[in-house]
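In what follows, a structure is listed as C-alpha cells, so that the remarks can point back to it.
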Amino acid sequence: MPRKPIALRKDYAVGSGQVRLSVLVGDRQYGTSMVFLDDELLANGDIDELPLGAGGEIAGRTLTVYTVVTDVRDKKNDMSVTWILTGGEKTATIERSGSGAKSFGSQMFKAVFELTGDE
Amino acid sequence: MLHRPASRAVREFLLLAALVPAAAGAQDSGRDPAPPPAVELEAFRLSGPPALALLGSSAASVARPNTPRDLIASLVSGAGADGVVPDGYALETAPFWLVRRKAMSLGEYHDASLGQRLLYFTAISVATSRPASRGDSPRDARAALAIRTLLANGRPSARLRAIGDSMRAVQLDYITRFRRWEDAGARASGLGVARGRLAQQDDLLSSLLARVVAGGETTLRDSAMRTLARRDSLRAFVASGQSAADAELATAGELDRIETRLGTLAKRFAAAEIEPHGFILEVAAGTRALFEEGQWGRQQIDGLGVWLTPMYRARTNGLELIGVGRYLSRVSEYDGRDLLDVGVRAGADVGKGTLSAEHVWRSLHGSGMLGLASTTGGEYRSRTTRWAVLFDYPIGGRLWAVASFGSDYRLPDGDRPVIATVGLNLGFGAIEILPSGR
C-alpha cells in the first residue's frame, strides 16, 4: 500500500497576468512532477516557470501538482518540495518536507491550488 | 566507461587470496624468506580519512556525524578520559552538510561552481592512535588533523544520466498509477456503508414480499416495488464499488513494485554519483602530533602530509587516468624520513574486464630518526620505484577476479619484492569519497 501523500491545499488569487509554476525538489534528492489543470495534463518532468495561462482564463479552475521524490542519498532520506506560483496578486512560495519511509524509498507530494479570481 | 574504475576499487574491501605468492626477496635468497608485504593494488586515492592515513593506521570505524549534536557527542565521547588520548578514534565530517539543505537541488549540486564545490566537498577529519599499554603505564599517543576537498569534480557520468532518465520514466509511471489508485480509492469509498444498506434493503424486501405474497397485503405492493428499485440501485453501486476496491488493491500492488524498482535505481544512482566523468582533482593535507605518555597537554608536532590526486575519466571509451603526488614527513616505515611519491596510472576496459598499469617514483629525504644506514648496514637508498600491471574481471554479482604483477618499492633492507597475485575481490561495503550530506 503506498504511503499517504504529503499534501498541500491552498487558494491562489490570480490577477490578469500570466500565471507560472515552478516546482523545486530540495535536499539534493531526485524528483519528477506531473501538473494538471482540472483533469488536463499540462506538463511533466522538471517544472520551471511553467506558464499556466492568463489569470482570467484559469480563474475558477483547480491546479493539481503531483511530485514523487526518490531518496538517492546514501545516508540521508530527508526530502522537501517547494511550489512557487507567480503572476497572481502575490507570489506564493510554499514548502513541505518529509522523508522516505526507508533508505532509497519514495514519497509522493501532492499540491492542490484553487485558482481564484475577482468575484 | 570502466566497469570497475580504480576509484571504486579503493572503496572496496580487497581480499587477496594469494594463489601465487609474491616472490619476495628476489635479490637475497640466503635468508629465511620474509612474509610478502601487503600489496596495495590501488592506493592512489585516499581510501579513508586523511587523518588516518597520517597515522598509518586504520580505525575499526570512522564516525561520520550528520548534525551539530552528533558532532559534539562524537567529539565528547572521543576526547577520552582523564586527559588521556584515546586509542583508535576517527572522525570525518563535512561542515556544510551538518545542517539540512532544503533548498539544495540535485542540479545545483552537480553544476556547482568552484566556491560551491569547496563548500560541498570539504571534509575535516581527526584520528588518534596509541599502542597497547604495557602494564599500567600509558604510552605515547599520536593524533592527526586533516582536511580534504575536491577542487574539480568533473561532470555527471553518462551512466548517471542514463539512470536518471530511467528514474524519471519510472517516477512518471508511478504518478500515473498513483492517480488511478487515488481515483479507485475515491470510487470505492463508502462501499462498507452501501453494503450495510443493501443488506437492510434485502431484509426489508424479503419481509415485504412475504407479506404481499403470503398475507395478500396488496397495499404493500407499491412499497415493495420501491424497495426493490432501491435494492437494485444499491446492488449496482456495491458492484461498482467492489470493482473499484479491486482496482485499488491491484494498483497498490503495482505501486509497491514500482517503488521497489525506484529503490533499486536510486541505489545505482547514488553509486554512480560518486564517479563523475571528466577532470577530478582531490586535495588533502594534514598534520600529526605526538602526545607524550598519551597526555593531551604534552604534545609536539611530528609530521605532516599532503596528497594531490588528479584524475580524468573519459566519457565513452572507458579510459581512466589517475595521478598522485604525495608528501609525508617522518614516515616510520622509513626510519622517520620524509617521503615523496609521484605516480600515474592508466586504465581501460578490455572486454568486461579492466586492464590498468601504474608507475610510481618514490624519493626519501632527510636523515630520519634512526640514521641513514639500513638494518643490514648497507647504504639507504633514497630513490625507488614501483610498477605494476593490474587486471580485474567480473565473475558475477559483486565478485571480481583480480590479478597483478610488477615490482614493488625497494625495502629499507635492499629487497625489492615482486608483485604477483591472483585473488578475489568480494566487494564488501563502500567508503564514501564524497561527503554524503549527512
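Tabulated data
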{"quantity": "Filter on A:LYS75/B:LYS102; A:LYS10/A:LYS90; A:LYS110/B:LYS102; A:LYS76/B:LYS352; A:LYS75/B:LYS352 - keep pairs with C-alpha separation over 22 Å", "calculated": "A:LYS76/B:LYS352; A:LYS75/B:LYS352"}
{"quantity": "Alpha-carbon centroid distance for the pair segment A:1-62 / segment B:316-340, whole angstrom", "calculated": "53"}
{"quantity": "Neighbour-count order for B:VAL418, A:VAL65, fewest beta carbons within 10 angstrom listed first", "calculated": "B:VAL418, A:VAL65"}
{"quantity": "Structure-based [θ]222 nm, chain A - -39500 (n - 2.57) summed over DSSP H runs of at least 4, per residue, nearest 500", "calculated": "-500 deg cm²/dmol"}
{"quantity": "Where a label projected 7 Å from the Cα of B:ARG298 along Cα→Cβ would reach, residues of segment B:139-155 with amide N under 17 Å", "calculated": "B:139-143"}
{"quantity": "Gyration tensor (Cα) of segment A:6-48, equivalent ellipsoid semi-axes in angstrom", "calculated": "21, 13, 12"}
{"quantity": "Relative contact order (percent, whole number), chain A, Cα cutoff 8 Å, 6+ residue spacing", "calculated": "38"}
{"quantity": "Per-pair calculated FRET efficiency, R0 = 25 Å: B:LYS267 and A:GLU49 via Cβ, rounded to 0.05", "calculated": "0.20"}
{"quantity": "Segment B:165-269: relative contact order in percent, alpha carbon pairs under 8 Å with at least 6 residues between", "calculated": "49"}
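FYI, it's all coordinate maths here, none of it is from the lab. All of these numbers come straight from a predicted model, not from anything done at the bench. Don't worry about glycine lacking a Cβ; one is built from the backbone with ideal geometry, like all the others, and counts go over all protein chains shown.
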